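Contents: one structure, followed by commentary.
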Amino acid sequence: MRTFLFVLLLAGLSGSARAEFMTAQQLREYLDDARSGTSFKSLTVAMGYVAGVYDMVDRQQVCITHELSAREAMDVVHRYLNAHRGELDQPASKLVVKALVGSFH
């Protein structure tokens, strides 16, 4: 009986684990606040996150022909997230890549 309860407990705990740092919904909220100028924290979190993912993207996936500022990258991602609200439960990093690839490929 103890073994059964232990296995049941483990099964219940393992089902709720998530591997992303931030969801796309959370990033969109930071980007909304950053755009409105109401939160310096939101600006720095959003800019740092988008810039960090951009730095990790394979340059063969994203072909940017001009110097892209962090603010421009944030705008591209913000437009993508607002246009694809059905995907906001996904990891933010995945949608940042999709936004950049879609705009610059």
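On inspection, PHE104 does not qualify as loosely packed, with under 13 Cβ neighbours inside 10 Å and free of Cβ contacts under 8 Å to residues at least 60 places away in the same chain. Selection of first residues in the stretch 42-58 that are closer than 11 Å to LEU27 by Cβ and of second residues that are among the hydroxyl-bearing types (Ser, Thr, Tyr) and outside any helix (DSSP H, G or I), restricted to Cβ pairs under 9 Å at least 6 apart or on distinct chains, gives the following pairs, ordered by first then second residue: VAL45/SER39. Taken across the stretch 15-23, residues that are of a type outside the set (S, T, N, Q), at pLDDT 90 or above and within 11 Å of the chain's Cα centre (by Cα) do occur, with at least one present. Among the residues of the stretch 69-84, those identified as over 10 Å from LEU31 (Cβ atoms) and in contact (Cβ under 8 Å) with a residue 24 or more places away in the chain are ARG71, ALA73, VAL76. On the stretch given as the stretch 50-95, residues that are touching a Phe, Trp or Tyr at 6+ places or on another chain (Cβ under 7 Å) and surrounded by 14 or more Cβ atoms within 10 Å (Cβ to Cβ) total 5.
The values are calculated or read from the model by the stated rules, or taken from the named source; none is laboratory data. Worth saying up front: this structure is predicted, and the values here are computed from it rather than measured. Neighbour counts are summed over all protein chains in view; Cβ atoms, including those assigned to glycine, are modelled from backbone coordinates with ideal geometry.
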